[in-house]
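For reference, the structure discussed in these notes is given below.
What follows draws every value from the coordinates through simple rules; no lab data is involved. As the structure is a computational prediction, the values presented were derived from the model and not from experiment. Backbone-built Cβ (ideal geometry, glycine too); neighbour counts: all protein chains shown.
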């Protein structure tokens, strides 16, 4: 999107936009910074503040990370990353941070490095895939997700 169109949609002048952001790249960085902060830092801070065992923390982190207000943003960033290498690099960083946190939590459940990696990948795939799969789920999606999470996290 061009800066002129964006400024118009935001109800600001082009000059007002440039006073806030040096250009489109600065706006993109600010948007991605906000997404990263909300989906990683804020989630982790809240999960750790609420405490609990590792499995409970992993469940809570998944619920918060992919809450209804964040899912559309996450999915949009993933789609955007398919066409923009800078966004793809940011997505990789965010996903790596998410996986690192999952590994940390799951390491409290298992001391087998291969199992930790497999469980982390399964857990992460489950929360992302849930929003991409349109198929009907026998027994109800919520129940199946709970059962899958129980199998992954113990």
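Along each principal axis, taking the top coordinate minus the bottom one, the Cα set of the stretch 49-154 gives 37, 32, 29 Å in descending order. Report, in degrees rounded to the nearest 10, the 0 to 90 angle that the Cα long axis of helix 85-106 makes with the longest principal axis of the chain. That helix lies at roughly 30 degrees to the long axis. Taking springs between alpha-carbon atoms closer than 10 angstrom, which of 111, 42, 100 fluctuates most in the Gaussian network model of the chain? Answer for the Gaussian network model of the chain: 111.
The calculated FRET efficiency for the pair residue 144 and residue 97, based on their C-beta separation and a Förster distance of 25 Å, comes to about 0.35. Against the chain, whose longest principal axis is taken from its Cα atoms, helix 24-36 shows a tilt of about 20°. Across 52, 15, 23, mean-square fluctuation computed from a Gaussian network of the chain (C-alpha pairs under 10 Å connected) peaks at 15.
Using C-alpha pairs under 8 Å with a sequence gap of at least 6, the mean separation divided by the residue count of the chain gives a relative contact order of 18 percent. The GNM of the chain, with springs linking C-alpha atoms under 10 angstrom apart, assigns the highest mean-square fluctuation among 94, 43, 137 to 137. Counting 0.36 nm for each residue step from residue 30 to residue 70 and taking away their Cα separation leaves a gain of 12.8 nm. On a C-alpha basis, how far is the centre of the stretch 31-80 from the centre of the stretch 135-154 in Å? Whole number, if you could? When both Cα centres are located, 20 Å separates them.
Principal-axis analysis of the Cα atoms of the chain puts helix 54-65 at an angle of about 30° to the longest axis. With a ≥ b ≥ c taken as the square roots of the eigenvalues of the C-alpha gyration tensor of the stretch 1-114, please select rounded if a/c is under 1.5 and otherwise prolate if a/b is larger than b/c or oblate if it is not? Verdict is prolate for the stretch 1-114. In this label model, residue 45 and residue 79 are separated by 3.0 nm, measuring between points 7 Å along each Cα→Cβ vector. With neighbour counts taken as other beta-carbon atoms within 10 Å, the residues 73, 128, 152 rank, fewest first, as 73, 128, 152.
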